Amino acid sequence: MKKIFLLFTVLPVLWLSSCADIDNFEAPNATISGKVLDKTTGEPFLTGPGEFAIRLLETSYGENPAPQDLAVKQDGSFINNKLFSATYSLQPYAGAFWPADIVTDFKLSGSGTQDFQVTPYLKIKNAKWVLKEGNKIDVSCTLEAPIPQGLPQVIEVRPFLSLTPYCGAGNRIEAYYKDEFRILINKNWDEIGNMATGIGKETYAINDIPLKSGYTYYFRMGAKVRDTFEKFNYSDVVVIKVP
């Protein structure tokens with residue numbers, strides 16, 4: 001019995017000692033922040049809330065680090081205050097833009113900032129809406145391709161409506177995300193736009209979208225291409241007040 005008692009007395013001590021060895025690491029307390037800009041304008045990249053990320057690879061402690069993705073906000077900004085002080089590579093990832101440059105050997109200690117520039121696949125131009133009798137709206141836009149050469153096939157154009165300023169594919173009124181409220185394109189740019197100037201040839205219009213009286217809507221137009229991620233490029237968010 002003494003041997004058994006000693007065994008059960010020693011094991012907790014060993015376990016506590018082991019935990020003391022494991023838990024003495026500092027909690028992650030470094031902060032990184034920044035913004036993603038449209039290379040063609042220098043303005044914040046037009047996106048929806050959380051629709052793409054900044055991909056981090058912690059390169060200090062291994063050859064094959066697991067990626068960490070920091071969600072980018074609708075205004076193009078990002079922040080994370082729960083990172084380890086270390087060396088990282090950083091890249092805007094999985095958005096509606098041409099592959100972005102990678103920032104390597106970014107040394108994060110305490111806090112740091114890093115901005116990025118990306119070139120959108122498409123720019124939504126001349127986005128308009130007209131409220132008609134019966135609380136229906138007609139919406140329209142044109143497209144522009146900053147880099148026409150090699151642009152993936154353009155899939156569709158569609159409106160997005162929300163009841164909050166956060167508006168896009170990830171935050172929308174589902175009743176308007178239907179085939180009847182989109183224009184299916186499925187064409188290469190040389191069929192719908194000028195290869196030299198990048199200016200689109202067409203005006204895309206969707207008519208008679210019903211809205212509810214007394215509501216305030218947030219509206220923008222979006223279009224996407226057939227790349228790996230198929231995310232939307234957007235126009236600015238505007239407010240529609242229905243009397």
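The values are calculated or read from the model by the stated rules, or taken from the named source; none is laboratory data. Note that the structure is predicted; figures quoted are calculated from it, not measured. No Cβ is skipped: glycine too gets one built from the backbone with ideal geometry, and neighbour counts run over all protein chains shown. The protein model used for the area step is the full one, side chains on, heavy atoms only, and it has no ligands, DNA or RNA in it. Shrake-Rupley method; radii C 1.70, N 1.55, O 1.52, S 1.80 Å.
Among the DSSP beta bridges whose two residues both lie in the chain, what percent are antiparallel, rounded to the nearest 5?
Details: 56 of 62 bridges.
Of the beta bridges lying entirely in the chain, close to 90 percent run antiparallel.
In nm, to one decimal, how far is the modelled label at residue 197 from the one at residue 138, with both set 7 Å along Cα→Cβ?
Once both label points are built, they end up 2.4 nm from each other.
Return the whole-Å distance between the Cα centroid of the range 184-208 and the Cα centroid of the range 101-133.
Answer, in whole Å: 23.
Given 216, 84, 72, which one lies farthest toward the positive end of the charge dipole of the chain, if we put +1 on the Cβ of every Lys and Arg and -1 on the Cβ of every Asp and Glu?
Checking the options against the dipole of the chain, the answer is 216.
Residue 180 accessible area, nearest 10 Å², 1.4 Å probe?
Surface open to solvent at residue 180 totals about 130 Å².
Over the Cα atoms of the range 132-199, what is the Rg over Rh ratio if Rh follows Kirkwood?
Ratio of gyration radius to Kirkwood radius for the range 132-199: 1.05.
Summing -39500 (n - 2.57) over the DSSP H runs of n ≥ 4 in the chain and dividing by its residue number, what mean residue ellipticity at 222 nm do you reach, to the nearest 500 deg cm²/dmol?
Mean residue ellipticity at 222 nm (helix-derived): -3000 deg cm²/dmol.
Considering amide H positions built from the backbone, and no H for Pro or chain starts, which residues 5 or more places from residue 56, or on another chain, come under 5 Å of its amide H?
68, 69, 70
Among [x] 0.97; [y] 1.19; [z] 1.06, which one is Rg/Rh (Cα atoms, Kirkwood Rh) computed from these coordinates?
Derived directly from the coordinates: [y].
By how many degrees, 0 to 90 and rounded to 10, does the Cα axis of helix 2-22 deviate from the longest principal axis of the chain?
Tilt of helix 2-22: around 40 degrees.
About its Cα centre, what dipole magnitude does the chain give when the only charges are +1 on Lys and Arg Cβ and -1 on Asp and Glu Cβ, stated in debye to the nearest 20? Before the final figure, lay out each step's value.
Values: 25 positive and 27 negative charges, 120 e Å.
Charge dipole of the chain: 580 debye, to the nearest 20.
Residues of the chain: accessible area per residue at 1.4 Å, in Å²?
For the chain, the per-residue accessible area is 56 Å².
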